[in-house]
Amino acid sequence: MITVKHINTSGTRTFFGTLTEGAQVHEAMAQIAQQHNITAATFELLGGLTEVEFAEYDFVNKVRKPPLVWQRPLEIVNGHGTISLLDNLPRVHMHLVLSFRDPVAPNGIAVIAGHSNRAVCFAVEFVLTAYDGVPVTRAAHAGTGLTLWNL
């Protein structure tokens, strides 16, 4: 099934920023969205984290598996997310690809990736693009058990 909706925005706004000293990405992005009246956005991240929590969704049983947590210096190879509304509040959805030194990994570098529930910053730079005029909302999707865009 394909669900798509053409969204005509009244404009876009681009924000550049940094997150440091233990800021949590999800909370920071939600706070920025509230402060700047952002109801639909995408963002990109680069930098370093001190902790990350990944969650995996079991597609067959439609349940979340227990989270996996890493507490160590982690370099963001790629970070991407969206902001939309769930129950009229900003909902941050983010995926990360991270690397770290690991002497037993091939070439001494390990890579981990996935859906991030929580990410604690050492130093992160981000670019956030807000799409003004048309809010994007989330709602329960019966077929998957996930909260997806309600288009």
Within segment 131-151, identify whether any single residue is within 16 Å of A23 (Cβ to Cβ), touching a Ser or Thr at 6+ places or on another chain (Cβ under 9 Å) and either part of a strand (DSSP E or B) or of a type outside the set (A, V, I, L, M) (or both), and answer yes or no. no
Can you go through T50, T39 and tell me which one is part of a strand (DSSP E or B), out of contact with any Cys (no Cβ under 6 Å at 6 or more places or on another chain) and not charged (D, E, K, R)? T50
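Of these, E44, E75, E21, which one is within 12 Å of V124 (Cβ to Cβ) and surrounded by fewer than 14 Cβ atoms within 10 Å (Cβ to Cβ)? Break it down into steps so the answer makes sense when it comes.
Values: E44 fails: surrounded by fewer than 14 Cβ atoms within 10 Å (Cβ to Cβ); E75 fails: surrounded by fewer than 14 Cβ atoms within 10 Å (Cβ to Cβ).
From the options E44, E75, E21, the qualifying one is E21.
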Across segment 40-66, what is the total count of residues that are aliphatic (A, V, I, L, M), under 22 Å from V77 (Cβ atoms) and more than 13 Å from the chain's Cα centre (by Cα)? 1
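Would you be able to say whether some residue in segment 40-52 is of a type in the set (D, E, K, R), out of contact with any Phe, Trp or Tyr (no Cβ under 6 Å at 6 or more places or on another chain) and free of Cβ contacts under 8 Å to residues at least 60 places away in the same chain?
Of segment 40-52, the ones of a type in the set (D, E, K, R) are 44, 51.
The next check asks that each one be out of contact with any Phe, Trp or Tyr (no Cβ under 6 Å at 6 or more places or on another chain); those that pass are 44, 51.
From what's left, free of Cβ contacts under 8 Å to residues at least 60 places away in the same chain: none.
The answer is no, given that none of the residues of segment 40-52 is of a type in the set (D, E, K, R), out of contact with any Phe, Trp or Tyr (no Cβ under 6 Å at 6 or more places or on another chain) and free of Cβ contacts under 8 Å to residues at least 60 places away in the same chain.
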Could you run through segment 35-67 and say how many residues are among the acidic types (D, E) and at pLDDT 95 or above? 3
In segment 79-119, what count of residues is obtained for those that are in a strand (DSSP E or B), of a type outside the set (A, V, I, L, M) and surrounded by 13 or more Cβ atoms within 10 Å (Cβ to Cβ)? 16
Can you name the condition, by its number, that N37 falls short on among (1) within 16 Å of the chain's Cα centre (by Cα); (2) without any contact (Cβ under 8 Å) to a residue 24 or more places away in the chain? (1)
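When you look at V69, is it part of a strand (DSSP E or B), over 21 Å from W149 (Cβ atoms) and touching a Ser or Thr at 6+ places or on another chain (Cβ under 6 Å), yes or no?
Working: part of a strand (DSSP E or B): yes; over 21 Å from W149 (Cβ atoms): yes; touching a Ser or Thr at 6+ places or on another chain (Cβ under 6 Å): no.
Here the answer is no, as V69 does not meet what is asked.
Only residues that are outside any strand (DSSP E or B), in contact (Cβ under 8 Å) with a residue 24 or more places away in the chain and within 28 Å of L151 (Cβ to Cβ): list them for segment 1-27, please. Full working, then the answer.
Here is the first cut: in segment 1-27, the ones outside any strand (DSSP E or B) are 1-10, 21-23, 25-27.
The next check asks that each one be in contact (Cβ under 8 Å) with a residue 24 or more places away in the chain; those that pass are 1, 3-5, 7-10, 21-23, 25-26.
Hits for segment 1-27 are M1, T3, V4, K5, I7, N8, T9, S10, V25, H26.
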I'd like the full set of residues that are touching a residue at least 40 places away in the same chain (Cβ under 8 Å) and of a type in the set (A, V, I, L, M), limited to segment 70-108. I76, I83, L85, L86, L89, V92, M94, L96, L98
N150: surrounded by fewer than 18 Cβ atoms within 10 Å (Cβ to Cβ) and within 20 Å of T3 (Cβ to Cβ), yes or no? yes
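The values are calculated or read from the model by the stated rules, or taken from the named source; none is laboratory data. These numbers come from a predicted model, not from an experiment. Backbone-built Cβ (ideal geometry, glycine too); neighbour counts: all protein chains shown.
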